[in-house]
Structures are given as C-alpha cells and as structure tokens.
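See below for the structure under consideration.
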Amino acid sequence: MLVDFRPHSRLRGTTPIDITTALVPVVEALSEGSTDLSKVRLVCDWVQYKENFRDVVDLRPILSRPERLPGADPVVVPVGVREDDMEIAVDVRRSAKLPLKEHAAELLREYAAGDTGGRVLLEDWGAGSRSCIWSFNARYWADLDLWEKSTGRGYEQALPGGESDARNHDAARDLIRKLFAVWDPLVDTGALPEELYVVELGVGNGSQAKVFLDEFRALDGEHGRGYYRRLHYLMCDYSQHVLDLARETVVEHLAHVSSFALDATRPRTSLGFLRWKVFLVYISNVYDNLPTDEVAQLGGRTYQVQTRAYLPPERAAELAEQARTTPGDVGALVHKLLRLGPALLAEAAPAHFADADAAVAFWRAAWGAVRLEERYVPLAGLDTYELAPEVSGEMLRPLLESGADVRMHVNNGALASFVDSLQLLHPFGTLICHDLFVTDVAAYRANFRGPGKYDGSVVNWVNGPLLAHVGRRHGFDVHYAPFAHRSGGNIITMTAQVRD
Ligand SMILES: C[S@@+](CC[C@H](N)C(=O)[O-])C[C@H]1O[C@@H](n2cnc3c(N)ncnc32)[C@H](O)[C@@H]1O
C-alpha cells in the first residue's frame, strides 16, 4: 500500500492534525476487507474549501486500460512501475468528525458489488472540463442577480480577501504608468497607433474597469499626452447580465468603453479584428473560474482524472421533497434548471416550483449537494490529448515527469484563453492576470488546489508552470510575482510579454 500524506505542514503547529485518526480507521477498513492491499493508494488532503465536491472519504478506481481512441487505433497499454487498483482519498480537515472506518468500509463494499450506493448520477464519466459543474458555473454568472438577492451576499465576498484585488488603485496606477512608459517613446517616433486598445476578460461588476478608467483619466490629465482620448476599453464576458452591470459601473467613461458577450476561452472569435493591436489584456479572478481537466502521474503512468457529478442519496431525497418530485427525477430537473435558469424554470414547471424564488432555492440546494466521483484512466499517450486548440498534451511532459507522483490541473480553459489572447497583443503589449496560481509543480504534492465552490461558482488554482511553458513556446516571457499591493494574500500576478 502506498500512503501519500500531502498536508504534512499541518502535522506541526498549535493545532496539529492527528494522523492516526485520519489514517488508521481507513487502513483498518481496508485490512478487514478483501481488497488487494498491494494495489491501494491512500491519499490524504486538506480540502480548505468549506464548500467543495468531495466527501470526507472517497474511493477512486484506477483503470488499467486507456479508453478506446476514436477510429480503429489499437489501444496502447502503457507500462508503469505500480499497477494500482484504487485510491482512497481522505479529507483530513473533516475526517476526525466522522466514523471514518464505517464510511471507508461502506465504500469498499459498494465498489466490490458494483453498486452506486443510491447516488443520483447527473452525468456519465468524462474529463473534468466537460462536467455539468461548468453549466452550474455559467448559470451562476448568467443569473447572478437572482443568486445574490437570495443569499444577500455579493460574489466578491467569496473571493480571496473578501474583495477583488482588481479594485486596487495602486495596482492600477502602476500598470497605467508602465503603459505610458511604453507609449511615450512610440509617440516620439510616430509609431503609436491612434487607437489604444485595452481588453478586459471576465468583468464581473465592472469595478476593475472603473478603477482602471478613473485612474487612467487622472494620470493622463497629469501626463498631458492625450491618451485617454484615444483609449478604447473593451469589456468582455459571457454573461450579458454581468456586462450590463459593468456598463452601469463605468457610466462616466462610456464613450471609451465597448462591451462584448464572448467566451473568454476564445476571445478572438469576436475580437479577431484586434489581432496584434491590443496593448493590454487585463484579467482578474477569471482563469481560476474556467473549465479544467486534471491529470496525474502515478507509478510511472500518466492518467486523466475523469469525473462524474452526482447527488448523495439523502440530498437527492431533500431536493425531491423541495421540488415535489421523486429522487429519480431530480437529475432531469437539475438539467432543466441549468438550461433555462430559475426564472424560466418556474414558469415551465409550475407543478414543481411555486415561483422563481422557489426555483432559486432549489438551484442553491442542488449546487450545495453536488459532488464529483473521480477515477483515473490511463492516457494512451500525451500526444493524443489536446489541452487546448493547437496545444498538445506533450506540453505536460516536463511537469509530469518532474519526479515523484503528482496530480495537477490542466486549466484547459485558461490555457485556451491565454494562447488566444497572446495573438491579440501588440508587439509592445502585455497580458496581466491577477489570480490564484500554483507557481511550482512541487506545490501540487503538498496542497489541495481545487475544485472548490465559491457561492455558485467553481474555483481551481491555475497551473502557472504550464502556462509559462506554453507561453514561452509562443515566444513570450511569462513571470509570476505575488500581488504587489496587498500583503499576505494568495493572489499572484502573471505578466506575459513578447520575448526581447
Ligand atoms: C470571479 S469573477 C471576476 C470579476 C472581476 N474580474 C474581479 O476580479 O472582480 C469571474 C468573471 O468571469 C466571467 N467568466 C467566467 N467564465 C467565463 C467565460 N468562459 N467567458 C467569459 N467570461 C467568463 C464571469 O461571468 C465573471 O464576470
């Protein structure tokens, strides 16, 4: 048996984890069952998100064969140094509060019997980025007003530090001064284009845009080169509601602002006309909110982590009662909600929901209940896995083959967005992104980095080394630094510029 205790730093300090209560009950459950103990991984994490997709103890099958590739290609079975059958995963933040042994034994029994334990499955197995949790995420941003009205909380309260660093005036001033420093010599040589484009992806309530535009106007007033007159600030988001909200926030600057309803993973679909023209692509707290797969290198083999969303039986029963239906029909109602949104759902299904508020309550309860099962499926070869359009899975090799076993995010949505955005940048342009980045592969071996739930949305930290590697391959220098204007936070600023 292989035991991987990741949150080792929590074994020390004022309230150290008691490793025996986290591990021994699970080992006892395993030893009393019939599982081949030589083929078990026992993995402990500290899942810091109070709301998340995991149970306190989960069982993850490890498949021995890759899925069949499209077409008639024979399935290649890569060879590893260990041939594990399953991973048992324990969240040690919560494990002391449960009869862990009974839970683990129950999971092992269900697994041996091929039983789903009464779970209501919301989808079939697939890559994490294709899970319906991303439809929940999109629904949250589309109907943010209904959610916020129901909770009485704004989305920013769930962000690290309780408000977005995008509102930070010092950070905006720094950035604007750097833009001016690039533009001044271009003006002097007549090389500065008339139109000065700034693109923001994922605008939220528009605070980032407002702070930038207010500071830009003020600094330009002092600087005296008339840049504000030439400025075009493009606010982009996939939620029309959010875009409308942001427009109200920047009402004083509307002559310089345009809004685009677009998917941040493919900005060029609407902004293709700006290729090589944008001086700043500005992003905050968005990459960690874009769909992602996870991959793992275990025992010398590479796996994709496949997921399957489900509702635990007792939660499905509560939801059924709430919506005046049966647990077996709850899944269909959830999918209808994701397609229509709560307001239309209430109209379309009056037998289940008295009004929109009842549909919102169902939405919130369903989101609170949703969990992810996971399993490991061997990848036939990294080259067969496209991480993002035209980004080969081979980009993962140096990260996965960097030493001991590791599991990491691919951040396919962030990667796609990043690569696409680079092609918008003017040769003297910059992409700035404030977000939760993992900057060192080794950190994946010690820390849980998502997925977690922020109110109605999903959060996963972003694989910084992967983005940097891909950026370099595209001719860009990519740097990470702690967000300079707040101490003690987790936010990192990524800067990407054409390599000198
Ligand atoms: C956490 S908010 C961040 C808002 C703002 N940038 C800030 O820092 O406060 C994430 C924003 O990204 C948007 N978003 C998420 N996924 C998106 C996608 N695929 N395409 C476009 N916008 C997306 C959401 O609608 C939301 O406005």
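The values are calculated or read from the model by the stated rules, or taken from the named source; none is laboratory data. Here the structure is a predicted model, which is why all the values come from computation and not from measurement. Neighbour counts run over all protein chains shown; Cβ positions are idealised from the backbone, glycine included. Accessible surface is based on the protein model in full, side chains and every heavy atom, while ligands, DNA and RNA are left aside. Shrake-Rupley method; radii C 1.70, N 1.55, O 1.52, S 1.80 Å.
The residues of the chain expose on average 42 square angstrom of accessible surface per residue, using a 1.4 Å probe on protein heavy atoms. For region 1-115, the dipole from Cβ point charges (+1 on Lys and Arg, -1 on Asp and Glu) about the Cα centre works out to 500 debye, to the nearest 20.
Per residue, what volume in Å³ does the convex hull of the Cα atoms of region 400-500 enclose?
Working: hull volume 12.7 nm³, N = 101.
Enclosed volume per residue, from the Cα hull, is 125 Å³.
Name the helices (complete DSSP H segments) of the chain with a Cα length along the long axis of 24 Å or more and a Kyte-Doolittle mean of at least -1.0, or state none.
Values: long enough: 169-188 (28 Å, -0.01).
Those that clear 24 Å and a mean of -1.0 are 169-188.
Convex hull volume of the C-alpha atoms in region 220-334, normalised per residue: 236 Å³. Of all beta bridges DSSP finds with both residues in region 150-304, what is the antiparallel percent, to the nearest 5? Here the antiparallel bridges make up roughly 20 percent for region 150-304. Taking every alpha-carbon pair under 8 Å whose residues sit at least 6 apart, region 1-115 reaches a relative contact order of 35 percent.
For region 342-485, with only Lys/Arg (+1) and Asp/Glu (-1) charged at the beta-carbon, what is the dipole magnitude about the Cα centre, in debye rounded to 20?
Values: 10 positive and 16 negative charges, 74 e Å.
With Lys and Arg at +1 and Asp and Glu at -1, about 360 debye.
Protein heavy-atom surface of region 1-115, 1.4 angstrom probe: 55% of the accessible area is carbon and sulfur, with nucleic acids and ligands not counted.
Contact order for the chain, expressed relative to its length and based on alpha carbon pairs under 8 Å spaced 6+ residues apart, stands at 19 percent. In the structure shown, the pairs LYS149/LYS336; LYS210/LYS453; LYS178/LYS277 are assessed against 23 Å; a Cα-Cα span above that value is assigned to LYS210/LYS453.
Under 5 Å between amide hydrogens, built in the peptide plane, is the criterion, and for VAL199 it picks out LEU234, LEU280, VAL281, TYR282 among residues at least 5 positions away or on other chains. Using all alpha carbons of the chain, what is the percent of pairwise distances in each 20 Å bin, ordered from the shortest bin to the longest? Here the calculated profile for the chain is 21, 52, 24, 2. Close amide-amide hydrogen proximity is noted between GLU87 and ARG41, ARG60, ILE62, each under 5 Å apart and 5 or more residues distant or on a separate chain (H modeled in the peptide plane; Pro and chain starts excluded). For the chain, a simple Cβ point-charge model (Lys and Arg +1, Asp and Glu -1, everything else neutral) yields a dipole of about 460 debye relative to the Cα centre.
Distance from the Cα centroid of region 407-434 to that of region 124-191 is 14 Å (rounded to whole angstrom).
Computed from the Cα positions only, the extents of region 1-115 along the three principal axes stand at 58, 29, 28 Å, in decreasing order. Tell me the carbon and sulfur percent of the accessible area for region 181-312, rounded to whole percent, probe radius 1.4 Å. That share works out to 51 percent.
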